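Notes for the one structure printed next.
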Amino acid sequence: MNDQAQSLRNLVQSQNETQTRTTKVITVTSGKGGVGKSNFTLNFALTLQTKGYKVLVFDADIGLANIDVLMGISPKFNLYHLLKREKTIWEIIHKGYHDLEFIAGGSGFTDLLRLTEQELDYFAEQVGQLNGHVDFIIFDTGAGLSKETLKFILAAQETIVVTTPEPTSITDAYAIIKMVHNMDYKVPFRLVINRVTDDKEGQYTADKISLVARKFLQIEIPTLGYVPDDSFVSKAVKRQIPFTIAFPNSNASRSIKELADHFIKGQNITEVETQVSGVKGFLSKMIKLLK
């Protein structure tokens, strides 16, 4: 009897949390491939999860979706099965380390561009159910500015641009910011400089992009943080275990934790603002962009 009462209390508490939780939609992108974007996304999401936030990662990297590979998981279903109405949104959600929820994209995001209005409505209805289910939905997009990636950047509440100190990476990262800005969309960008030799190099790289954006675009691009070039990261990738779990005391892991703390401190959006621009706002923008 006591067990039943406790189960009922847990159910009511879970429902209350879903009703009161606000959801923020974030896009993670990069100007070019090979900068460690997906690895950052996964470990960033896991770190937020360990800090008490509920996170869902949407793998939107068309053709190169690898969030599941980084965790050594083979998901049975992905977005494609949702769009074909073979599965519901809840049936394509899988769980990884620390119960991190993720949705595999596969070829599904390419199909998004060819949906009929009726199919778009179904997609919106299904994804809309995630509103309040998690604190953050993080879309890991493809590298570069494809049509699909652009839509996620424009629809999300915030975009994190991952780059490295390499000149080509810096140039391509700025190109994304410039192109979106020139479309007259006010997208809040934040920088993550990956694979730095030290904080000085990270600061120098971030300043390069920020100064140019300020001079030619008249916008501020704040820096979220730097992640060092760490041999433990590649070791973790080979083991198919996120580096923050395989090597929690590594330099890269410590940097991700500091970066996550910085990110959390910047979350001061009110509940009303989030309801307007959260999942519902994301879907509204996305559908307009897809039509």
Subject >> In segment 179-225, the residues that are among the aliphatic types (A, V, I, L, M) and either touching a His at 6+ places or on another chain (Cβ under 7 Å) or assigned to a loop (DSSP other than H, G, I, E, B) (or both) >> reply: M183, V187, L217, I219, I221, L224
Original post:
Within segment 128-142, is even one residue under 21 Å from N66 (Cα atoms), part of a helix (DSSP H, G or I) and either basic (K, R) or over 15 Å from the mean Cα position of the chain (by Cα) (or both)?
Top reply: no
Subject >> Any pair with Cβ under 6 angstrom, 6 or more apart, that starts in segment 216-240 at a residue that is over 19 Å from S250 (Cβ atoms) and ends at one that is in a helix (DSSP H, G or I) and at pLDDT below 95 >> reply: L217/H181
Subject >> Residue identified as out of contact with any helix residue (DSSP H, G or I) (no Cβ under 9 Å at 6 or more places or on another chain) and in contact (Cβ under 8 Å) with a residue 40 or more places away in the chain among T164, T205, T141, T168 >> reply: T168
Original post:
Limited to segment 184-208, what total is found for residues that are among the aliphatic types (A, V, I, L, M) and under 27 Å from G281 (Cβ atoms)?
Top reply: 3
Subject >> Scan of segment 226-240 for residues that are out of contact with any Phe, Trp or Tyr (no Cβ under 8 Å at 6 or more places or on another chain) and either of a type outside the set (D, E, K, R) or outside any helix (DSSP H, G or I) (or both), ordered by number >> reply: Y226, P228, D229, S231, S234, Q240
**OP:** Hand me the list of helices (runs of 4 or more DSSP H) wholly inside segment 25-104 holding 2 or more residues that are at pLDDT 95 or above and of a type in the set (F, W, Y).
**Re:** 37-50
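The values are calculated or read from the model by the stated rules, or taken from the named source; none is laboratory data. The structure displayed is predicted, hence computed values, not measured ones. Heads up, the Cβs are rebuilt from the backbone with ideal geometry, glycines too, and the neighbour counts pull from every protein chain shown.
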